[in-house]
Amino acid sequence: MLNALKKRRAIRKFEPREVEREKIETILEAATYAPNDRMREPWHLYVMQGESLKGYEKVALKYLEQRFPTKPQLIDSSMEAITKTPLIIVVTSAIVEGDEGATKDNEFAVSSAIMSMWLMAEELGLGMVWRTRGVGLVHDTALHTYIGASNQEQLVGTLCIGYPAETITTPKKRTPFKEKTTWL
Ligand SMILES: Cc1cc2nc3c(=O)[nH]c(=O)nc-3n(C[C@H](O)[C@H](O)[C@H](O)COP(=O)(O)O)c2cc1C
């Protein structure tokens, strides 16, 4: 397990090749086994490929053009995160009206589900990156609206998935746990 965790990397470059339906369903199934408070199973998974991905492209382009009107190069490079990704899964978390604690716990559960999906994707020979910023559009309303999520849902992750077109060989840089641990 430790080796698998050390090996997992954020992959941002993908081959222009579709991901098989069976593999996508295995990733979705992996999400459902995540731990979650009171079995609220607070996740919802929005799968985009082909046409729906083209629609997301338009949403992201509009967002970037409004945000960076004088930076066309930045827009072009940012857009590649979508145009060169064959599969994007947006994961939302349920908001529990009037219960901030439960809403937060739901976010934690959804984050666990995303980690399960990440490890599952790697096991299937796929690469993945969890995006929130920029075209990840997790902190904006545009993607929330586009996928048709309800007001009782909030976006937690935009997962870009595909067959990897890069191998990351740099060793994983992490602060030793000793510097992050207090034994009481
Ligand atoms: C909540 C969260 C948000 C992230 N958002 C982005 C993002 O918007 N864009 C991006 O390129 N990577 C994003 N990442 C990926 C991280 O940059 C990546 O996990 C980190 O650099 C560590 O590298 P590793 O995953 O290969 O260990 C995000 C990761 C997490 C957990």
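Is one or more of the residues making up region 38-49 charged (D, E, K, R), more than 16 Å from Val91 (Cα to Cα) and either under 17 Å from the mean Cα position of the chain (by Cα) or more than 16 Å from the ligand (Cβ to nearest atom) (or both)? Yes: region 38-49 contains one or more residues that are charged (D, E, K, R), more than 16 Å from Val91 (Cα to Cα) and either under 17 Å from the mean Cα position of the chain (by Cα) or more than 16 Å from the ligand (Cβ to nearest atom) (or both).
Condition check ((1) exposed (fewer than 14 other Cβ atoms within 10 Å of the Cβ); (2) within 16 Å of the ligand (Cβ to nearest atom); (3) in a helix (DSSP H, G or I)) across all residues:
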| residue | (1), (2), (3) |
| --- | --- |
| Asn3 | yes, yes, yes |
| Lys6 | yes, yes, yes |
| Arg12 | no, yes, no |
| Val19 | no, no, no |
| Glu22 | yes, no, yes |
| Glu25 | yes, no, yes |
| Leu28 | no, no, yes |
| Pro35 | yes, no, no |
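Taken together, the residues in region 37-52 that are at positive phi and in a loop (DSSP other than H, G, I, E, B) amount to 1. At least 1 residues being of a type in the set (D, E, K, R) and either surrounded by 14 or more Cβ atoms within 10 Å (Cβ to Cβ) or more than 12 Å from the ligand (Cβ to nearest atom) (or both) is the threshold, and among the strands (runs of 3 or more DSSP E) wholly inside region 75-173 those reaching it are 127-131, 153-162. Of all the numbered requirements in (1) over 20 Å from Ala31 (Cβ atoms); (2) touching a residue at least 40 places away in the same chain (Cβ under 8 Å), Gly101 misses one, and that requirement is (2).
Taken together, the values in this text are just the output of simple stated rules run on the coordinates, not laboratory data. Everything numeric in this text was worked out from a predicted model, so none of it was measured. Ideal geometry is used to build each Cβ from the backbone, glycine not excepted, and the neighbour counts take in all protein chains shown.
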